[in-house]
Structure formats: C-alpha cells, structure tokens
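The block underneath contains the structure these notes are about, expressed in structure tokens.
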Amino acid sequence: MRVGILGAGGIAFGAAAYLHLNGHEPILWSPSGRGTAELSAGASLKASGALDLSFRPRIASSAEEVIAGSDVVMLAMPGNAHRMAIEAIAGNLRDGQPTIISSHLSFGALYLSRLLSERGMKAPIIAWGTTLTTGRKQGPTEVGVNSVRSKIDLATVPESDIEVGHTLCTALFGDRFVRRDGLLAISLSNLNPQNHLAISLFNLTRMERGERWGQAENVTASVGRVMEELDAERLAIAAEFGVSVRSIKEHYSFSYQLPIASIAEMNQELHQRGRGGFGPTTTESRYVLEDAPFGLWPTILLGRLAGRPASLHEAGFSLLSAAYGRPLADDNDLLPLLEIQDLSRDRLQELARIGA
C-alpha cells in the first residue's frame, strides 16, 4: 500500500523505514520542505539500531500531492503541528480514505471528524495511543531507532470502524495492535506526557546545560515513584469514565519485553540492556513543549470533568509553566476549538464514540 506520512522527524522516518521493510511504499511530506530537502534531491533515508536499512522514499511537495498519491494518510508530527496538518489534509481527503494519527493528542481525531463532516464526508480516523518506534533523527537523512513497540493501543472515530482500522494497521505494521474502548481510552493511554513530566522535572538542569545523560539510567527510585503516582491519577480518571487502559508497568512490559517490577527497576533493566536511550539535551524538547500542553493539559481537563482532579499532574504542569516562564496550556491550539472544558461528560463520550 501507498502510505502518505505527514512529517519529517524521527517518528515519521522510523515509520517510513518500517513500512519500506514491510513491503509498502511510504511517501513523506514536510510542510516547510526543509525536513525532506536532501531526500528530495536524491539522498537515501538511513535507519540504524532496531531497524537497519537504507532506501529512497518518495517525497511529496504538497499536502494535495501526498494525499492524492496515497491509499492511507498517517500523521506523525509534533502536537503543535497537528492542527495545521489536520486543516491541510481535511479539504483533500477522499471519501473513505483512512487517516492514522500517531500518536493521538488533544482530541485531534474529533477535530478532523468535524472538518470532514462539514464536507459531508465519512472516512475512518484511526488513533494510536503511542508511536510505532522510539528514537531520534540523527541528521537530515538519518534516524536512530531505539525500539519497535510490540503493542500499540488503537481506537477509531467512529467506533464502528474499529475492525477496518485494526485490519488496516495490522496489514501495514504487523500484529501489534490492541483494540481499546474508544477515543477516550486512547486519550488516556499515551503515557509519554506523564513519564516525560517526571523525567523532565528531575533533569531540567541537565537539559538546560546541554548535558548528555542516560534517560532510563536516571529513572531512580524516587523518580520511578513519582511516575507511578502520576500513573495512579491517570488510571483513576480512566476508571471514572469507564474505560480500560494499560498501566505504566504493563506499558513498559509490552513495549520493551521486560518482566513486571517497579518502574525504577524496569528502567534500570532497560539501561543494562543498552536500550535506555538518552534524555533531551535542550529545554526546547518535545518532552515539555509537546507533551505538557498537548498531553498533560488534556488529562488535567479530563480529570476535572470526571470529578477526579489530577493534583500531581496539575502541580507538575504548574512547575513546568513556571520554569518556562509562560502558561503552557496556552500553547495548545486544538482544545479551544473543541471547547472540551465546556462539554458535559455524556456529550464528550458521545463525540468520542461517533465523531461529529
């Protein structure tokens, strides 16, 4: 299949490499063109680590081109680019053309559903709870892939398209997808925001000074306990909405093939295996600039809506906002459009089930 990938970062490159390895045809689109300039000039995309290959992907010069040339569209961009990307594709998607959002943030699937509904169109919108690969872009044409996740949570808007979405993703990326209880479950399944909150807060000076530091190595007992307490808040909110989500320990076990233990112990095991990765070397990191406004803030709002305030999330979010000198909630340009905070619990659950 031809898969149009919106993005040119580490996650987009990792997905493209996996698709090529799996016999499909990835087509990359960078909105500015800068992220794919060398690939467009004929350079090969090189993946190393958990994936080891080199190939020449197709490059599209516009949103219209990438959508017209694709069977499936995949959004693999930072949260602050989701609104722009959704608006760029909504007017060009064909009736029934599926869109995969990896990973889903800030109810972007509902925004895309609304824009398609305004055109009188229907198409499966597939939301992933996390990304296919972990790793970082190492140059204009290179990506280092730390791991390929063995389990990825999946839901669709509308929910009635779940079998279509599951079958499609399995055909593209293999047997690794777990059907979840709708979009609310997916919105509460992305553990990166809560994990990166603890990791960033306790290593902020390292980030600010540009130090090189092992990420899993520095999830010590105290940091691990904070991550587990954050997880307890998220699980309580999910239970209040009546949806089932994977715990942080289950996530680590499924994603990295680790035996269940404390989060600190699991991270130390990951470090010993040489798969612990390195933390951010700058404060201009997605760990904060994406995960706080587009991951933590929606969880905080859901906690308030469910009557289960996420006090530790709120405290950490306030500390990060203070450290960055601005209210990070203002960086989220999707939630104000959807007015999530003004919806009743029943209305939000209905939208998550059937879309616009």
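The values are calculated or read from the model by the stated rules, or taken from the named source; none is laboratory data. None of the values given here were measured: they were computed from a predicted structure. We place every Cβ from the backbone using ideal geometry, glycine too, and count neighbours over all the protein chains shown. These accessible areas exclude ligands, DNA and RNA; they are computed on the full protein's heavy atoms, side chains included. Shrake-Rupley method; radii C 1.70, N 1.55, O 1.52, S 1.80 Å.
A few points about this structure:
- For the range 246-277, filtered to residues that are assigned to a loop (DSSP other than H, G, I, E, B), open to solvent by 20 Å² or more (accessible area, probe 1.4 Å) and not basic (Lys, Arg), the residue that is farthest from Ala310 (Cα to Cα) is Gly274.
- Cross-chain or 6+ apart pairs with Cβ under 7 Å, the range 1-30 first and farther than 14 Å from Cys169 by Cβ, then surrounded by fewer than 22 Cβ atoms within 10 Å (Cβ to Cβ) and of a type in the set (Lys, Arg): Gly9/Lys137; Gly10/Arg136; Gly10/Lys137; Phe13/Lys137; Glu25/Arg2; Glu25/Arg58; Ile27/Arg2; Ile27/Arg58
- Scanning the range 155-175 for residues that are over 19 Å from Ala352 (Cβ atoms) and either of a type in the set (A, V, I, L, M) or free of Cβ contacts under 8 Å to residues at least 40 places away in the same chain (or both) gives Thr167, Leu168, Thr170, Ala171, Leu172, Asp175.
- Qualifying residue in the range 278-297 (condition: open to solvent by 70 Å² or more (accessible area, probe 1.4 Å), out of contact with any strand residue (DSSP E or B) (no Cβ under 9 Å at 6 or more places or on another chain) and not in a helix (DSSP H, G or I)): yes
- Any chance Asp181 is without any contact (Cβ under 8 Å) to a residue 40 or more places away in the chain and either open to solvent by 20 Å² or more (accessible area, probe 1.4 Å) or within 30 Å of Ala236 (Cα to Cα) (or both): no
- Scanning the range 212-243 for residues that are loosely packed, with under 15 Cβ neighbours inside 10 Å, in contact with a helix residue (DSSP H, G or I) (Cβ under 8 Å, 6 or more places away or on another chain) and assigned to a loop (DSSP other than H, G, I, E, B) yields a count of 2.
- Taking the range 94-114 as the range and being free of Cβ contacts under 8 Å to residues at least 60 places away in the same chain and over 22 Å from Thr131 (Cβ atoms) as the test, the residues that pass are Arg94, Asp95, Gly96.
- Ser54 fulfils the conditions (1) small (Gly, Ala, Ser); (2) assigned to a strand (DSSP E or B); (3) closer than 18 Å to Pro158 by Cβ except for a single criterion, (3).
- Restricting Glu314, Glu350 to residues that are in a helix (DSSP H, G or I) and over 16 Å from Ser200 (Cα atoms) narrows the list to Glu350.
- Identity of the residue in the range 334-356, within 20 Å of Ser117 (Cα to Cα) and of a type in the set (Asp, Glu), that ends up surrounded by the fewest Cβ atoms within 10 Å (Cβ to Cβ): Glu339
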